[in-house]
Structure formats: C-alpha cells, structure tokens
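The values are calculated or read from the model by the stated rules, or taken from the named source; none is laboratory data. This structure is a prediction, so every number in the text was calculated from the model and none was measured. No Cβ is skipped: glycine too gets one built from the backbone with ideal geometry, and neighbour counts run over all protein chains shown. Side chains are part of the model used for accessible areas, which takes the heavy atoms of the whole protein and leaves out ligands, DNA and RNA. Shrake-Rupley method; radii C 1.70, N 1.55, O 1.52, S 1.80 Å.
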Amino acid sequence: MVNYPGACAQCGRPLPARSGPGRPRRYCDRKCSSAAERERMARRLLLGALVEQRTMNEENSHG
C-alpha cells in the first residue's frame with residue numbers, strides 16, 4: 001500500500017481529478033478499491049485465526 005497525497009492507496013498511480021465536493025478519493029478505480037478491501041478482509045481473517053490459535057494454546061497449556 002502506498003501512502004502519499006494524490007496517489008492511489010493501492011497501486012500508487014495518480015488519482016483522477018475530483019469532480020465536486022465530497023470525501024477525498026483514496027483509490028484510482030473500483031479495481032483498486034476492491035483489491036484493498038480483499039486485503040483488509042484477509043488481514044482480519046488472519047488476525048482472528050492467530051488470536052484463536054493463541055487462545056487454544058494458552059487453554060491447553062493450563063490444563
């Protein structure tokens with residue numbers, strides 16, 4: 001993920017010009033927005049699996 005103003009947060013390409021008021025764009029197109037959403041979901045699932053594994057290990061070590 002790229003983090004600099006005026007660039008897509010997913011691929012780093014320049015963002016298209018704004019066409020009115022509203023929230024600033026973060027992604028250059030729907031493809032990048034969808035890819036970023038899939039990456040966020042994968043991180044959430046991985047984090048959940050790691051927390052679950054750690055909890056199971058802790059429960060097994062106390063018994």
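Enter the accessible area per residue of the chain (Å², integer; probe 1.4 Å; all protein chains in place).
85
Using the crude model of +1 on Lys and Arg Cβ and -1 on Asp and Glu Cβ, and no other charge, please compute the dipole size for the chain relative to its Cα centre, in debye to 20.
The dipole magnitude comes to about 580 debye.
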Rg over Rh, two decimals, the chain (C-alpha only, Kirkwood Rh): 1.30
Length gain on complete extension for the stretch residue 52 to residue 25, per 0.36 nm per residue less the alpha carbon to alpha carbon distance? 6.2 nm
For n ≥ 4 DSSP H runs only, could you compute -39500 (n - 2.57) per run for the chain, divide by its residues and tell me the 222 nm figure to the nearest 500? -18500 deg cm²/dmol
With r as the distance between the Cβ atoms of residue 62 and residue 42 and R0 = 30 Å, compute the FRET efficiency 1/(1 + (r/R0)^6) and round to 0.05. 0.45
